[in-house]
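The values are calculated or read from the model by the stated rules, or taken from the named source; none is laboratory data. Keep in mind that this is a model prediction, so the values were computed, not measured. All Cβ positions, even for glycine, are placed from backbone atoms using ideal geometry, and neighbour counts span all protein chains on display.
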Amino acid sequence: MQYSRVLFVMILGGSTVMAASQGQQQQQSSSQADKRMAVICDHAAPPAGTHWVCNDRNDPCNCRLENEGGRLSPDDDGGPRFHTPEPQASGKISVSDFEKIMTALAAARNEGNAAQAADLFTENAVYGNPGSGPTHKGRAALRKLFSRASVQPRKFEWHHLLFNEPDQVGAGEFTLEGGRRYHGMAIVKIENGRISHWREYPVSSRLNWEEFTSENRF
């Protein structure tokens, strides 16, 4: 009988120790969870009509977008969402912006407005014809170039304009009429909304554009 009492006390004491140990483990687990929750994820502002919902309360970075009805937004695949914003393309322009710049340049040259034409170029712009003629560097040099060219009436016309938006490089076919008539192509580089580099390949011709391209029109 005395042996049974000793055994009972030992079992009861062991249970108390186990319970205390489990309690300590739960406190440590809760503390670790709190530490994990201390991680801050910079989620982007959700699109209109949606909100962020975390998949794991212990991982604030593991979240997804839901709409007001609780359904996943159309572009959500149900997987974890991590905020990886695309960097803003600072200073880059669109195809439409490029066409406006080139149209404004043609208008300025047709009007003989050298200052307005030069202002469409960067301060350190490089302008040249690799086949012949000097290379002009800087907006001031371009202003002088366009001033000399505007002494006599000129007609500058674009026929096609193309623009590679990621690279900010564009090109266009043109006709320039003044003392002589030229058909050609210019390829340009855009930086912060202005032309930073210009290479042109003109061909002198007495033919108008329709005649010049008559065998390869498009």
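Matching residues to (1) within 31 Å of the chain's Cα centre (by Cα); (2) within 28 Å of PHE218 (Cβ to Cβ); (3) surrounded by 16 or more Cβ atoms within 10 Å (Cβ to Cβ):
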| residue | (1), (2), (3) |
| --- | --- |
| SER96 | yes, yes, no |
| LYS100 | yes, yes, no |
| ALA114 | no, no, yes |
| PHE121 | yes, no, yes |
| GLY179 | no, no, no |
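Hey, among the residues in region 194-208 that are assigned to a strand (DSSP E or B) and of a type in the set (S, T, N, Q), which one's nearest to ARG139 (Cα to Cα)? Walk me through how you get there before you give the answer.
Of region 194-208, the ones assigned to a strand (DSSP E or B) are 194-204.
Next cut, of a type in the set (S, T, N, Q) only: 196, 204.
On the way: SER196: 10, SER204: 26 Å.
My answer is SER196.
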- touching a residue at least 12 places away in the same chain (Cβ under 8 Å), in the same structural domain as PHE163 (by TED's automatic domain parsing) and farther than 20 Å from SER147 by Cβ - does that describe any residue in region 117-130? yes
- Message: Please go through region 161-177 and give me each residue that is modelled with pLDDT under 95 and among the charged types (D, E, K, R), ordered by number.
- Response: GLU177
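Can you tell me which of ASN58, ASN129 is touching a helix residue (DSSP H, G or I) at 6+ places or on another chain (Cβ under 6 Å), modelled with pLDDT under 95 and surrounded by 12 or more Cβ atoms within 10 Å (Cβ to Cβ)?
Details: ASN129 fails: touching a helix residue (DSSP H, G or I) at 6+ places or on another chain (Cβ under 6 Å).
It is ASN58.
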- Picked from region 156-177 (must be without any contact (Cβ under 8 Å) to a residue 12 or more places away in the chain and assigned to a loop (DSSP other than H, G, I, E, B)), the residue nearest to the chain's Cα centre (by Cα) is PRO166
- Among residues of region 99-124, those that are of a type outside the set (A, V, I, L, M, F, W, C), within 20 Å of GLU173 (Cβ to Cβ) and not in a helix (DSSP H, G or I), counted: 0
- Query: Does LYS137 satisfy being closer than 16 Å to MET185 by Cα and basic (Lys, Arg)?
  - Reply: no
- Residue in region 185-198 that is over 27 Å from the mean Cα position of the chain (by Cα), touching a residue at least 24 places away in the same chain (Cβ under 8 Å) and in the same structural domain as ILE101 (by TED's automatic domain parsing) present: no
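Please state which one of PHE156, PHE174, PHE163 is over 20 Å from ARG206 (Cα atoms) and buried (at least 16 other Cβ atoms within 10 Å of the Cβ). Talk me through it step by step, then tell me what you get.
Numbers: PHE156 fails: over 20 Å from ARG206 (Cα atoms); PHE174 fails: over 20 Å from ARG206 (Cα atoms).
Matching residue, one of PHE156, PHE174, PHE163: PHE163.
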